[in-house]
Structures are given as structure tokens and as C-alpha cells.
1. By per-residue mean of other Cβ atoms within 10 Å, what is the highest-first order of 94-106, 191-203?
2. Roughly how many Å² is the accessible area per residue of the stretch 148-211, as a whole number, for a 1.4 Å probe?
3. Hey, can you find the accessible area per residue of the stretch 34-143 for me, probe 1.4 Å, expressed in square angstrom?
4. Could you pull out which residues in the stretch 108-122 have an amide N less than 18 Å from a spot 7 Å beyond the Cα of D31, following the Cα-Cβ vector?
5. Let me check against my output: what whole-number percent is the relative contact order of the stretch 34-143, with C-alpha pairs under 8 Å and at least 6 apart?
6. Note down the magnitude of the dipole of the stretch 148-211 about its Cα centre, charges +1 on Lys and Arg C-beta and -1 on Asp and Glu C-beta and zero elsewhere, to the nearest 20 debye.
7. What percentage of the solvent-accessible surface of the stretch 148-211, computed with a 1.4 Å probe over protein heavy atoms, is contributed by carbon and sulfur atoms?
Amino acid sequence: MHFSCKCVLFLQALSLFSSFMQGQKLEEGVDEVKIEVLHLPENCSSKSKKGDLLNAHYDGYLANGTKFYCSRTQNKGHPKWFVLGVGQVIKGLDIAMMGMCSGEKRKVTIPPSLAYGKEGSAQGLIPPDATLIFEIELYAVTKGPRSIETFKQIDVDNDKKLSKTEINHYLKKEFEKDDKPRDQSYHNSVLEDIFKKNDHDGDGFISSKEYNVYQHDEL
């Protein structure tokens, strides 16, 4: 086969591959999270990334404007704490809150495939194939509780497992950072929830293995 013929075949194959990739990008583009920044603080010392512990309020709406969720009505109005990028919120929110600054506000639109899909929500509040809109206000970005550094920081007695006393002490320090008053009942409920989701063998401690198991949570 002559060189010119080989070259033509190569260019044709390259053209087909390019068309295929463009088609793939168009398909993937349908399932994107749309982000609108409503407020950006002047100072942003660090941006949120996977594994960070975030403290935020957010309201959730259907495309027709119906509100189905408001974090301000949960936990006596306290902002929600969760680890970013590990499935503790729906996938679209994990994506939407990447790269946020403390004090930033966003309005995000999440397609069904990155929310509750064809099934909708188990509680019946979100219908099948629903596009969701969230208004988010981020209060704090801190190093995630699942990092090796944080485990060592919490594990004061260095016994490779975390007691309720150790985690209780860590939570108090974290709650003090955002200067928002919290009563002891809220603090206790967070502590109990942590052990309910992570102390799988029920021995009253969270081992290093249990510490690295991320649990799915609602919204």
C-alpha cells in the first residue's frame, strides 16, 4: 500500500474518532451541574475539595419552584455538617460544592441522573426524573475528619481507635470555629449519629478500619 493511501486511511480513521469523541462529550454535557455564583467573598484562603468537612445551609427546589428541603428547619436551624465528595449528599451536590470558598453562595441546577434519577426520592417528595435546584451558603471549610492527620489528632492516647471522649473533644473544637451557639442536645445527637453509622461492631470505639468506611446519608 502506497504511503499516500495509508495517510488517507489514517486521516479518515482520525476523523471518525474525533466525531465519536465529540458525540461522547455532547452526551456527557447533558448530565452537567450548572453553577451560578451569587456571592463570592473578597478573601478566600482555601477552597473546598474532596474529603473536606463542610458546614452549610441549603434550600432545595423542584424545577416548578416547589421547595422540598430546607436545612434551616433541621437540627434547630443549625447548618449541616458533611464530608464532601464521599456520598454523604447526592452526587450533584458533591459536584456543585467543589471549589467553594467559606462565605460563598451558589445557585446550582442538578439533572436527574445526578440526583434521584428515575425512581425519585424514597420519601415521595421528589418525583421521578426531577431536575433539582439548590441555593447554598457555605459557612466553613475544614480538613476532613477522614484524613490520616485528623485521625491521629483525635486519637489522643494513640491506641489506633477513637473513643466517644476523644471524638467529643474534637467536635467541641470544630463547633467553636464557626462561632455559632449550639446546645448540648445537638452536640450529643451528632456524637451519637457518628457512632451509630461508624461503630459497626458495637464495641464503643471507632477503629481505623471503621473510620475509613464512608456511609451514605440523605441529602
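1. Values: 94-106: 19.5, 191-203: 13.4.
Final packing ranking: 94-106, 191-203.
2. With the other protein chains kept in place, the stretch 148-211 gives 63 Å² per residue.
3. With the other protein chains kept in place, the stretch 34-143 gives 49 Å² per residue.
4. Answer for the stretch 108-122: 109-121.
5. Details: 250 pairs, mean separation 41.3, N = 110.
Once divided by the residue count of the stretch 34-143, the mean separation gives 38 percent.
6. Values: 12 positive and 16 negative charges, 17 e Å.
Its charge dipole is roughly 80 debye.
7. Working: 2130 of 4000 Å².
Solvent-exposed carbon and sulfur of the stretch 148-211 make up 53 percent of the total.
The values are calculated or read from the model by the stated rules, or taken from the named source; none is laboratory data. Please read these numbers as outputs of a predicted model, since none were measured by experiment. Glycine also receives a Cβ, built like all others from the backbone with ideal geometry; neighbour counts cover every protein chain displayed. Side chains are part of the model used for accessible areas, which takes the heavy atoms of the whole protein and leaves out ligands, DNA and RNA. Shrake-Rupley method; radii C 1.70, N 1.55, O 1.52, S 1.80 Å.
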